[in-house]
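Working notes, beginning with the structure itself.
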Amino acid sequence: MKLIDLAGILPVDGVLPRDVEVNGVSSDSRQVTAGTLFFAVSGSKADGATYAGDAAKRGAVAIVAAKGAGLASAGIPVISVDDPRLALALSAAKFYGRQPETMVAVTGTSGKTSVAAFTRQIWKHAGYAAASIGTTGVVAPGRNEYGQLTTPDPVALHKLLAELAASGVTHASMEASSHGLDQRRLDGVRLAAAGFTNLGRDHMDYHPTVEEYHRAKLRLFDTLLPKGAPAIVFADDPWSKPTIDAARAAGLKVLTVGRHGDFLSLKRVEHERHRQRAEIECDGAIHEIDLPLAGDFQVANSLVAAGLAIATGTDVGKALGALEYLEGAPGRLDLVGTTAAGAPVYVDYAHKPDALENVLAAVRPFTTGRVIVVFGCGGDRDRGKRPIMGEIATRLADVTIVTDDNPRSEVPETIRAAIMAAAPGAIEIGDRRLAIQEAVGMLHAGDTLIVAGKGHEEGQTIGTETLHFSDHEEVRNALAGSPA
Ligand SMILES: CC(=O)N[C@H]1[C@@H](OP(=O)(O)OP(=O)(O)OC[C@H]2O[C@@H](n3ccc(=O)[nH]c3=O)[C@H](O)[C@@H]2O)O[C@H](CO)[C@@H](O)[C@@H]1O[C@H](C)C(=O)N[C@@H](C)C(=O)N[C@H](CCC(=O)O)C(=O)O
Ligand SMILES: Nc1ncnc2c1ncn2[C@@H]1O[C@H](COP(=O)(O)OP(=O)(O)OP(=O)(O)O)[C@@H](O)[C@H]1O
Ligand SMILES: N[C@H](CCC[C@H](N)C(=O)O)C(=O)O
Ligand SMILES: [Mg+2]
């Protein structure tokens, strides 16, 4: 790519000859090689401007920096912009070029991974080559990779989108995290539609208030979606109305789903143990769907996913019919096994209050005995959620075992103590393996066990070390060793 190709994005004129070759874009000086355009962004730990000299030494062709960054001494040309993160996202989109023709994104506190996975499955069922991108990684035809971030950084994202498009993927669904939206990671993505699931307490270590957290999520609707594009909004959440209002004000075509939904209206749900029967009305016609997943929230996620698929051209009957074949995203109310007496054990990714509340409520209807929960809270994350989750667990479960999640740099006992302070009667077992064994050993016929917080994760981070750890493996081992 020539520098001039970025003319619509960056004020390149007069900085360098127009035909200078740019052979890469990066915001990480460590990734810079000869010919890379380096973007100095200010982050949570460092200011990229500090690394301008490093980038220059490694052969950067120029530096894109915030106005007033004062990089005159870097020794290479500096292009000043208002928003270097935005400039990076748009430049990465331009540099890598191709994206799947139909891209959708979903945001919300809970359900993003599930909705992205369901949308991919619906499209696949309808015959499209489809991909999903999110917390559990990238899934596409012939591709299944573990990922680091829920919303990848724009350079990695656009490289991936170009690869997917080149491999024939026409439809892709992705998660839009509040960090990703705030940090402009999605700004260069050409979105056809977007979805909203719900809003609850999350990432209070990053967003100062829940209103600001909501505003970050709203960028998807009021800034990123083109006017007139469909916004699929779950209608039964306390934050649905402000989201609908904002999407309408932004000139979007708002399609609501759920019990209060107009586009896909949920008329009735009958719970069975590991499945549920739902009656969904669309355009005056009732569709009876046998959903092979447990949990009210999975009905909500299925409706948002079906809404996204239908709004981007999938036939209604095909989209709703595909719900009968859905597989849950790994580690989301994931039935790992049952005891000999038939008590189910689920691994679930609930690591925030609303998710924990939902998952515990979801299993109650089919639990004739006790609901038992094993969970902890991650270190170096929002401390405020710890007592809230302790209260929810003891209110909704019959037996609560408080254990370690990813303690990271914090003292595990301190994290547990903060949960225990609001969890009267809870049992404390720091070692997650022992906690799972103990819980499985307690199960009688009719009981349900939820091991919450780590879902699909394959490691446990203690200090700076991540050791292999899988709730799925631990549950299977405990079930194999359990007598009853
Ligand atoms: C707090 C946060 O969101 N951090 C993300 C952010 O980093 P940052 O911009 O704050 O970077 P920084 O470390 O302060 O450095 C500033 C700049 O200096 C650059 N630098 C740094 C060192 C150097 O030698 N040279 C150099 O150029 C860095 O590359 C960066 O551009 O941008 C980076 C690139 O995109 C991300 O990798 C990084 O994610 C960190 C690892 C992270 O843990 N993020 C989590 C909190 C996150 O984003 N989570 C969300 C939501 C999860 C969910 O609930 O689903 C997600 O989307 O995954
Ligand atoms: N629609 C929903 N409403 C409430 N809780 C939900 C919903 N969907 C999922 N959950 C709960 O949240 C957990 C995470 O679900 P999922 O991974 O789909 O959401 P996410 O938004 O991608 O979360 P994260 O931001 O942690 O990646 C599930 O394991 C379940 O406990
Ligand atoms: N994307 C989230 C995942 C949290 C998962 C939980 N197991 C924890 O470690 O707190 C985060 O990094 O905050
Ligand atoms: Mg996710």
Exercise for the section: Please find, among R386, R381, the residue that is crowded, with 24+ Cβ neighbours inside 10 Å and either under 26 Å from the mean Cα position of the chain (by Cα) or within 11 Å of ligand 2 (Cβ to nearest atom) (or both). Expected result: R386
Problem - Top-ranked residue of the stretch 86-110 - restricted to ones that are within 11 Å of ligand 1 (Cβ to nearest atom) and within 30 Å of G328 (Cβ to Cβ), ranked as most open to solvent (accessible area, probe 1.4 Å) - result: S110
Exercise for the section: Scan the stretch 69-83 for residues that are without any contact (Cβ under 8 Å) to a residue 60 or more places away in the chain and either open to solvent by less than 50 Å² (accessible area, probe 1.4 Å) or under 36 Å from the mean Cα position of the chain (by Cα) (or both) and jot them down. Expected result: A69, L71, A74, I76, D82
Problem - Within the stretch 389-398, considering residues that are crowded, with 20+ Cβ neighbours inside 10 Å and away from ligand 2 (no atom under 16 Å from the Cβ), the one farthest from A355 (Cα to Cα) - result: T394
Exercise for the section: Find the residue count for the stretch 432-484, including only residues that are at pLDDT 95 or above, within 14 Å of G342 (Cα to Cα) and in a loop (DSSP other than H, G, I, E, B). Expected result: 5
Exercise for the section: Inspect the stretch 305-325 for any residue being within 21 Å of the chain's Cα centre (by Cα), within 16 Å of ligand 4 (Cβ to nearest atom), outside the structural domain of E428 (by the TED database) and farther than 21 Å from A478 by Cβ and give the result as yes or no. Expected result: yes
Handout entry: Filtered residue count, the stretch 342-376, keeping only those that are within 15 Å of ligand 2 (Cβ to nearest atom), of a type outside the set (D, E, K, R) and outside any strand (DSSP E or B)
Key = 13
Exercise for the section: For the stretch 215-292, please list each of the strands (runs of 3 or more DSSP E) lying entirely inside it that holds at least 1 residues being modelled with pLDDT under 95 and open to solvent by 20 Å² or more (accessible area, probe 1.4 Å). Expected result: 264-271
Exercise for the section: Mind listing whichever residues of the stretch 118-135 are open to solvent by less than 10 Å² (accessible area, probe 1.4 Å) and within 16 Å of ligand 3 (Cβ to nearest atom)? Expected result: I133, G134
Fill in the blank from the handout: Result of the Cβ filter at 6 Å on the stretch 151-168, keeping first residues that are in contact (Cβ under 8 Å) with a residue 60 or more places away in the chain and partners that are among the charged types (D, E, K, R) and within 16 Å of ligand 4 (Cβ to nearest atom), at least 6 apart or interchain, is D153/R185; P154/R185
Practice task
State all residues of the stretch 1-39 that are open to solvent by less than 70 Å² (accessible area, probe 1.4 Å), over 15 Å from L88 (Cβ atoms) and β-branched (V, I, T); if no residue qualifies, say none.
Solution key: I4, V15, V20
Practice task
For residues that are touching a residue at least 40 places away in the same chain (Cβ under 8 Å) and in contact with a strand residue (DSSP E or B) (Cβ under 6 Å, 6 or more places away or on another chain), scanning just the stretch 399-428, find the one that is surrounded by the most Cβ atoms within 10 Å (Cβ to Cβ).
Solution key: I419
Handout entry: Only listed residue being in contact (Cβ under 8 Å) with a residue 12 or more places away in the chain and open to solvent by less than 10 Å² (accessible area, probe 1.4 Å), chosen from A66, A55
Key = A55
Problem - Selection status of L181, outside any strand (DSSP E or B), among the aliphatic types (A, V, I, L, M), in contact (Cβ under 8 Å) with a residue 40 or more places away in the chain and within 16 Å of ligand 2 (Cβ to nearest atom) - result: yes
Fill in the blank from the handout: Given the conditions (1) closer than 26 Å to I122 by Cα; (2) within 16 Å of ligand 1 (Cβ to nearest atom), every one holds for L218 apart from (2)
Practice task
Could you grab me the full set of residues in the stretch 391-406 that are over 21 Å from the mean Cα position of the chain (by Cα) and either part of a loop (DSSP other than H, G, I, E, B) or within 19 Å of E438 (Cα to Cα) (or both)?
Solution key: A393, T394, A397, D398, V399, T400, I401, V402, T403, D404
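The values are calculated or read from the model by the stated rules, or taken from the named source; none is laboratory data. Note that the structure is predicted; figures quoted are calculated from it, not measured. Cβ: placed from backbone, ideal geometry, glycine included. Neighbour counts: every protein chain shown. Remember, those area values only see protein heavy atoms, side chains included, never the ligands or the DNA or RNA. Shrake-Rupley method; radii C 1.70, N 1.55, O 1.52, S 1.80 Å.
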